[in-house]
Structures are given as structure tokens and as C-alpha cells.
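Asker: Right, I'll just put the structure down here and ask away after.
The values are calculated or read from the model by the stated rules, or taken from the named source; none is laboratory data. On a predicted model such as this, the values are computed, not experimentally measured, just so you know. We place every Cβ from the backbone using ideal geometry, glycine too, and count neighbours over all the protein chains shown. When the accessible area is computed, the model is the full protein with side chains, heavy atoms only, and any ligands, DNA or RNA have been set aside. Shrake-Rupley method; radii C 1.70, N 1.55, O 1.52, S 1.80 Å.
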Amino acid sequence: MFLINCPFCGEREQSEFKAGGEAHIERPKQPTELSDDEWAEFLFMRKNIKGVQFERWNHAHGCRKWFNIARDTSNDQIKTVYKMGEKPPVE
Amino acid sequence: MKNKYSIFSLIKNAFSYHENWEKAWKDPEPKKEYDAVIVGGGGHGLATAYYLAKKHNMKNIAVVEKGWIGGGNTGRNTTIIRSNYLWDASAGLYDHALKIWEGLSQELNYNVMFSQRGVMNLAHNLQDVRDLKRRTHANRLNGIDAVYLNTKEVKKFCPIINTSQDIRYPVLGGTLQRRAGTARHDAVAWGYARGADEMGVDIIQNCEVKGVKRNGDTVEGIETTKGFIKAKKIGVVAAGHSSVIANMAGLKLPLESKPLQALVSEPVKPIIDTVVMSNAVHAYVSQSDKGELVIGAGTDDYISYSQKGSHDIVEGTLNAILELYPIFSRMRMLRQWGGIVDICPDASPIISKTSIKGLYFNCGWGTGGFKATPGSGDLFAHTIANDEPHKLNAAFNLNRFVSGDLVDEHGAAAVAH
């Protein structure tokens with residue numbers, strides 16, 4: 001359990017938010033051209049990092065907007081919060 | 001040869017105040033090279049080593065564990081064992097395990113306290129009723145015992161359940177698998193460790209894997225905190241940390257690691273003599289031999305390796321427990337903890353070869369791996385020894401995420417996915 005600083009509403013309890021998993025997985029530009037292996041990679045394969053991970057969150061019980069955060073999954077500490085469409089921060 | 005545990009050894013050791021029992025397993029330093037190394041000294045890993053030595057005659061093997069054996073999810077689960085899964089592939093896998101459980105204490109000469117007290121799954125709405133009836137039929141077709149109970153029969157089987165139809169999630173019925181039950185989780189790890197050790201398996205504790213060395217598409221060994229260990233075959237059974245090891249080898253797995261919580265109450269006199277699970281409200285409860293209520297909660301929805309879950313998850317579970325069992329309203333909770341579970345998109349495990357020769361993974365058990373411990377070890381040992389899966393775990397390969405032939409047990413089985 002931790003606090004998340006929503007870029008639109010400010011600091012709220014994590015239970016107000018919905019986790020959206022790994023961020024920056026790009027939707028295939030040419031879905032019809034994709035092989036089965038590439039589909040599996042897009043749909044199922046995840047880095048599942050122990051350490052700093054970039055991920056999407058949604059303020060489900062608040063403003064309902066999506067944004068990204070960089071969070072250390074080994075201790076749940078949030079490093080930074082940034083908006084959708086922005087590039088992930090470099091360490 | 002180890003001395004057999006029996007009533008006579010118990011009496012004999014009583015005379016020396018139980019201070020001269022021989023060690024159940026040695027604590028060796030790793031050798032330079034093994035035929036096979038198992039990464040992860042939980043129940044599944046130790047069982048794998050045990051069956052590799054026993055059934056496949058591989059004696060030069062080691063189990064490496066970063067902490068102490070059985071200290072991860074093996075010691076953190078709620079010890080429920082059942083095999084009432086919907087799909088044929090899952091039914092085969094989990095009932096294989098249940099059949100081994102039934103003779104495990106005798107086979108290991110170690111009391112794993114397997115207790116077939118039955119597992120009851122509750123239905124709270126009409127869709128639950130239809131799903132559970134369908135599953136009962138599917139189970140019977142697969143030779144797995146299952147009966148459907150109506151509300152009255154549920155109340156008769158477990159009298160403390162509140163079957164009032166006025167509660168938020170009323171009990172409309174349930175299924176019962178009488179062969180299901182619980183076992184003592186630590187004893188499973190210790191029993192397999194003792195058995196494997198006796199056949200010459202090196203159980204190396206406090207030895208964390210730091211890297212996986214490969215030569216092209218073949219695995220060569222592992223880099224550990226106790227130095228490099230060369231091995232022709234490496235079987236990874238690292239539960240929540242499977243992706244971490246896979247990343248070291250340059251592989252990606254379809255897993256997400258999330259905290260799953262459980263809690264126990266203060267010990268009380270016997271009050272519930274079975275296991276009751278509820279899918280819709282996500283609460284399950286049984287009573288340990290010490291008298292504590294053992295309560296399982298749900299997973300958090302975010303990835304975390306912190307072994308800590310959110311308070312609101314526990315609160316939600318306890319709300320449900322209290323509505324179903326008003327008698328527990330003044331019960332105090334003693335301890336609460338979290339474990340990290342590796343969840344597959346289809347909520348079924350992976351027991352599989354990989355694209356790297358000599359590297360095998362047994363993972364993705366998610367929230368329900370304990371029940372499968374003996375079967376998982378047996379089938380993973382078969383897969384490692386023969387470099388091809390047994391027919392019971394053939395469906396649980398990594399390639400199913402490419403072919404689309406998933407074993408979709410999400411919500412279709414009993415609970416806890």
C-alpha cells in the first residue's frame with residue numbers, strides 16, 4: 001500500500017487507482033503483417049522487472065485519467081510520475 | 001542410509017531429550033559441476049530434485065536456494081489441496097498431484113499431515129450455480145469426485161455458514177470435493193529435502209543466482225553468490241522471481257508477479273472442519289491443527305516484489321468472511337503476510353522447455369501452486385530428464401502463448417485466480 005501523486009488530482013491512496021501494467025508497449029502498426037511470435041510478444045510477454053519499472057496507472061476512483069509512473073517494484077517506492085505520451089525518464 | 005522415523009525412534013530419542021536426532025539434510029558447499037541444478041528450494045523445486053534422483057536415476061544434482069528451503073511461497077500459502085478443475089488438461093495435472101498426496105507421508109517416511117477434510121466452493125449468484133454445476137459434471141467425466149450441494153446441504157455440511165438469503169451475496173449452493181483438503185506446508189518441503197538428501201542431492205541454501213551463462217543457444221551454468229556452478233541442465237522453479245531469472249538468460253516470460261496475502265487468527269477450539277472457498281467474494285477459510293483460522297485474500301493488481309500487499313485487499317476479504325460467518329465477528333487476527341505469485345495470462349502454469357537448450361522453467365502457478373507440489377515435481381523431473389514433456393504437462397508448454405492453445409482456467413476453476 002502506498003500513495004500515488006496523480007498529476008491531475010494530487011496525492012491519493014493507491015486503492016483509488018487501477019494498475020495498467022507495463023508502459024510503452026506499442027500497439028502494432030501493421031497488425032495484418034504480424035507473425036504469431038510477434039503477436040505473442042505484444043499480447044503476453046512482459047519484462048516483469050524487479051527494480052525500477054515504467055507502468056501505466058488509471059485514477060479509477062478519481063479523475064479517471066491515465067498516466068505513467070516509474071516505480072521500484074522491489075519496495076514500491078515511486079520515483080517519478082509523468083503523463084501519457086511522454087518519453088520515460090532517463091535515470 | 002537415514003534412520004527411519006517411527007514410534008520406536010521417537011521413544012528412543014525421548015530418552016536423550018530429543019537432542020540427538022540426526023540432521024534431516026546436510027548443508028554442503030556447491031561442487032564445481034552438476035548434471036542438473038534446480039533453482040529454487042521450495043516444495044516444487046525439492047520435489048523435482050527428489051523425483052529426478054528417484055525415478056530418473058540422476059544423482060549428481062543440486063538445489064540452490066537464495067534463502068532457506070521452504071521459506072518462500074511454500075511457507076506462505078494457505079495449504080489448500082484440491083483437483084476440481086474444469087478443463088481436461090488441468091484436471092489431469094492436478095489430480096495427478098492429488099493421487100501422489102494420498103500416499104506421500106508413507107513414501108517420504110515424513111508426516112506431511114495430509115488431511116482429506118473436503119473443500120467446498122460456494123455459489124452466490126445464478127451464474128455461479130450454472131458454472132459450478134458444469135464444473136461438477138466436467139470433474140466426474142474426468143474421474144474426479146465432485147458433488148453439487150444446495151443451500152440446505154451446504155448448511156448441513158458446514159453449520160456456521162450464514163445461509164440467510166437476505167445478505168449481500170447469499171449462498172445459493174456449492175460444490176464439494178471430499179478427497180480435497182489440506183497438508184502441512186513446511187513438512188512437504190522438509191520431507192522432500194530429507195528424501196532428496198538421502199539420495200545424494202546437494203541442497204545449497206543461502207545461495208542466490210546472479211546470472212545465467214549460456215553459449216549461444218545452450219545453457220552452461222549459473223553464476224551464484226557462492227561462485228560459478230557448471231550444469232548441463234538447469235530447471236528454474238523460482239515462483240515470483242521466475243521472470244528475474246529468465247531476464248538473466250535473455251528470455252521473456254508471460255508472467256506478472258503480484259503480492260498475494262493471507263492471515264491467521266488467534267487459535268480457538270475446533271469450529272470449522274473443512275475448507276470453504278468463495279469465488280465471488282474472494283474469501284477462503286480453514287482451521288489449522290493449532291486452531292488458527294487460516295484465511296486467504298486476493299492479489300493486488302500491480303506488479304510488486306515487496307512481499308507486502310495492500311490493506312484494502314485484506315479488509316475486503318474480512319468483510320466477506322464476516323458476512324458469511326457472523327460467529328467470527330469478535331475474532332482477533334494474529335498475523336498477516338504476503339507472498340509474490342507469478343501469474344500467467346490464462347491462470348495455468350508453465351512446465352516447459354525453452355528456446356535455450358538445457359534450460360527449463362516450472363512457473364506461472366500464480367495463486368494456487370501448493371496443491372500441485374508433488375505432481376509438479378514429478379512432471380518437471382520427467383521433462384528435464386527426457387528433454388520432453390510428460391503427456392500430463394504437454395499442454396502446459398511455453399509455446400501455447402504463440403499457438404493460442406491456452407488452458408484458460410481464469411474464473412473457470414474454483415477460486416483464487
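Asker: Look through segment B:276-305, keep the residues that are more than 14 Å from chain A (Cβ to nearest Cβ) and of a type in the set (D, E, K, R), and return whichever of them is surrounded by the fewest Cβ atoms within 10 Å (Cβ to Cβ).
Answerer: From segment B:276-305, those more than 14 Å from chain A (Cβ to nearest Cβ) are B:276-296; that's our starting set.
Retained after the next criterion (residues that are of a type in the set (D, E, K, R)): B:289-290, B:292.
Details: B:ASP289: 11, B:LYS290: 9, B:GLU292: 19.
Step by step, filter segment B:276-305, then rank; the result is B:LYS290.
Asker: Turning to a different aspect of this structure: In segment A:27-49, which residues are in contact (Cβ under 8 Å) with a residue 12 or more places away in the chain and open to solvent by 90 Å² or more (accessible area, probe 1.4 Å)?
Answerer: A:ARG27, A:LYS47
Asker: Filter segment B:355-405 down to residues that are away from chain A (no Cβ under 13 Å), part of a loop (DSSP other than H, G, I, E, B) and over 30 Å from B:HIS282 (Cα atoms) and give me whichever is most open to solvent (accessible area, probe 1.4 Å).
Answerer: B:LYS391
Asker: If you scan segment A:36-79, which residues turn out to be more than 7 Å from chain B (Cβ to nearest Cβ) and at positive phi?
Answerer: Once the filter is applied, which keeps residues that are more than 7 Å from chain B (Cβ to nearest Cβ) and at positive phi, segment A:36-79 yields A:GLY51, A:ARG64.
Asker: What is the residue count in segment B:215-253 for residues that are of a type in the set (Ser, Thr, Tyr) and within 16 Å of B:ASP35 (Cβ to Cβ)?
Answerer: Filtering segment B:215-253 down to residues of a type in the set (Ser, Thr, Tyr) leaves B:218, B:224-225, B:242-243.
Narrowing further to those that are within 16 Å of B:ASP35 (Cβ to Cβ): B:218.
Number of matching residues: 1.
Asker: Can you report the number of residues in segment B:113-165 which are more than 16 Å from B:SER278 (Cα to Cα), among the aliphatic types (A, V, I, L, M) and part of a helix (DSSP H, G or I)?
Answerer: The number of residues fulfilling the criteria is 2.
Asker: Here's a follow-up. A:MET1 fails exactly one of the following numbered conditions: (1) open to solvent by 50 Å² or more (accessible area, probe 1.4 Å); (2) within 10 Å of chain B (Cβ to nearest Cβ); (3) outside any loop (DSSP other than H, G, I, E, B). What is the number of that condition?
Answerer: With respect to (1) open to solvent by 50 Å² or more (accessible area, probe 1.4 Å); (2) within 10 Å of chain B (Cβ to nearest Cβ); (3) outside any loop (DSSP other than H, G, I, E, B), A:MET1 is out only on (3).
Asker: Of everything in segment A:64-91 that's touching a residue at least 40 places away in the same chain (Cβ under 8 Å) and of a type in the set (D, E, K, R), which residue is least open to solvent (accessible area, probe 1.4 Å)?
Answerer: A:ASP76
Asker: A further question follows. Looking at segment B:64-78, I want the residues that are open to solvent by less than 50 Å² (accessible area, probe 1.4 Å) and have a partner that is of a type in the set (D, E, K, R) and at pLDDT 95 or above with Cβ atoms under 7 Å, at least 6 apart or on another chain. Which pairs are those?
Answerer: B:GLY70/B:ASP186; B:GLY75/B:ASP186
Asker: Also, I was wondering about something else. If I go through segment B:79-100 residue by residue, how many of them are in contact with a Lys or Arg (Cβ under 8 Å, 6 or more places away or on another chain) and under 19 Å from B:GLY42 (Cα atoms)?
Answerer: 6
Asker: Looking at B:ASN125, B:ASN121, B:ASN111, which one is open to solvent by 50 Å² or more (accessible area, probe 1.4 Å), in contact (Cβ under 8 Å) with a residue 60 or more places away in the chain, farther than 30 Å from B:ASN3 by Cα and of a type outside the set (Gly, Ala, Ser)?
Answerer: Answer to the selection: B:ASN125.
Asker: Would you confirm, using the coordinates I've provided, whether B:ALA36 is open to solvent by less than 30 Å² (accessible area, probe 1.4 Å) and within 19 Å of B:VAL209 (Cβ to Cβ)?
Answerer: On the way: open to solvent by less than 30 Å² (accessible area, probe 1.4 Å): yes; within 19 Å of B:VAL209 (Cβ to Cβ): yes.
Yes.
Asker: Okay, next question. Please determine whether any residue of segment B:306-313 is within 14 Å of chain A (Cβ to nearest Cβ) and open to solvent by less than 10 Å² (accessible area, probe 1.4 Å). Before you say what the answer is, go through the steps one by one.
Answerer: The first filter runs over segment B:306-313 and keeps only residues within 14 Å of chain A (Cβ to nearest Cβ), leaving B:306-313.
Filter again for open to solvent by less than 10 Å² (accessible area, probe 1.4 Å), leaving B:310.
Yes.
Asker: Got a number for residues in segment B:85-112 being touching a helix residue (DSSP H, G or I) at 6+ places or on another chain (Cβ under 6 Å), in a loop (DSSP other than H, G, I, E, B) and either modelled with pLDDT of 95 or more or of a type in the set (Phe, Trp, Tyr) (or both)?
Answerer: 4
Asker: Let me ask something else. I need the full set of residues from segment A:30-51 which are touching a Phe, Trp or Tyr at 6+ places or on another chain (Cβ under 6 Å) and either over 12 Å from B:LYS252 (Cβ atoms) or charged (D, E, K, R) (or both), in order please.
Answerer: Of all residues in segment A:30-51, those touching a Phe, Trp or Tyr at 6+ places or on another chain (Cβ under 6 Å) come to A:40, A:44, A:50.
Residue satisfying the conditions is A:LYS50 alone.
Asker: Search segment A:5-59 for residues being more than 14 Å from the chain's Cα centre (by Cα) and of a type in the set (A, V, I, L, M), and hand back the single one that is farthest from B:ASP342 (Cα to Cα).
Answerer: Once the filter is applied, the top-ranked residue is A:LEU34.
Asker: Give segment B:1-24 a look and list any residue that's surrounded by 11 or more Cβ atoms within 10 Å (Cβ to Cβ), in a loop (DSSP other than H, G, I, E, B) and not aromatic (Phe, Trp, Tyr), or say none.
Answerer: Taking segment B:1-24 and keeping what is surrounded by 11 or more Cβ atoms within 10 Å (Cβ to Cβ), we get B:2-3, B:5, B:9-10, B:12-13, B:21, B:24.
Now drop any that are not in a loop (DSSP other than H, G, I, E, B), which leaves B:2-3, B:5, B:21, B:24.
The answer is B:LYS2, B:ASN3, B:ALA24.
Asker: Go through (1) in contact (Cβ under 8 Å) with a residue 40 or more places away in the chain; (2) closer than 15 Å to B:GLY200 by Cα and name the single condition B:SER83 misses.
Answerer: For B:SER83, the exception is condition (2).
Asker: Report whether or not B:ASP273 is open to solvent by 10 Å² or more (accessible area, probe 1.4 Å), charged (D, E, K, R), facing chain A (nearest Cβ under 10 Å) and in contact (Cβ under 8 Å) with a residue 24 or more places away in the chain. Reasoning before the result, please.
Answerer: On the way: open to solvent by 10 Å² or more (accessible area, probe 1.4 Å): yes; charged (D, E, K, R): yes; facing chain A (nearest Cβ under 10 Å): no; in contact (Cβ under 8 Å) with a residue 24 or more places away in the chain: yes.
Answer is no for this residue.
Asker: In segment B:331-352, how many are assigned to a strand (DSSP E or B) and touching an Asp or Glu at 6+ places or on another chain (Cβ under 7 Å)? Break it down stepwise before answering.
Answerer: As a first pass, look at segment B:331-352 and keep what is assigned to a strand (DSSP E or B): B:333-343, B:350-352.
From the residues that got through so far, the ones that are touching an Asp or Glu at 6+ places or on another chain (Cβ under 7 Å) too are B:334, B:343.
Number of matching residues: 2.
Asker: Next question, about the same structure. Would you list the strands (runs of 3 or more DSSP E) that sit entirely within segment B:166-225 and hold 1 or more residues that are open to solvent by 50 Å² or more (accessible area, probe 1.4 Å) and touching a residue at least 24 places away in the same chain (Cβ under 8 Å)? Steps first, answer last, please.
Answerer: Working: elements: B:173-177, B:202-204, B:209-215, B:218-224.
Per the criteria, B:209-215, B:218-224.
Asker: Can you find, within segment A:11-36, the residue that is nearest to B:LYS258 (Cα to Cα) among those that are in contact with a strand residue (DSSP E or B) (Cβ under 9 Å, 6 or more places away or on another chain) and assigned to a helix (DSSP H, G or I)?
Answerer: This residue is A:GLN14.
Asker: Would segment B:231-250 turn up any residue that is farther than 22 Å from B:ALA347 by Cα, open to solvent by 10 Å² or more (accessible area, probe 1.4 Å) and either charged (D, E, K, R) or under 18 Å from the mean Cα position of the chain (by Cα) (or both)? It would help to see each step written out before you state the result.
Answerer: Step one: of segment B:231-250, the residues farther than 22 Å from B:ALA347 by Cα are B:231-234, B:248-250.
Narrowing the set further to residues that are open to solvent by 10 Å² or more (accessible area, probe 1.4 Å) leaves B:232-233, B:248, B:250.
Subset that is either charged (D, E, K, R) or under 18 Å from the mean Cα position of the chain (by Cα) (or both): B:232-233.
So far as segment B:231-250 goes, yes, one or more of its residues are farther than 22 Å from B:ALA347 by Cα, open to solvent by 10 Å² or more (accessible area, probe 1.4 Å) and either charged (D, E, K, R) or under 18 Å from the mean Cα position of the chain (by Cα) (or both).
Asker: Right, next: Suppose the filter is open to solvent by less than 10 Å² (accessible area, probe 1.4 Å) and either under 30 Å from B:LYS155 (Cβ atoms) or in contact with a Ser or Thr (Cβ under 6 Å, 6 or more places away or on another chain) (or both); does B:ILE340 pass it? Give the derivation first.
Answerer: Values: open to solvent by less than 10 Å² (accessible area, probe 1.4 Å): yes; either under 30 Å from B:LYS155 (Cβ atoms) or in contact with a Ser or Thr (Cβ under 6 Å, 6 or more places away or on another chain) (or both): yes.
Yes; evaluated as a whole, the condition is true for this residue.
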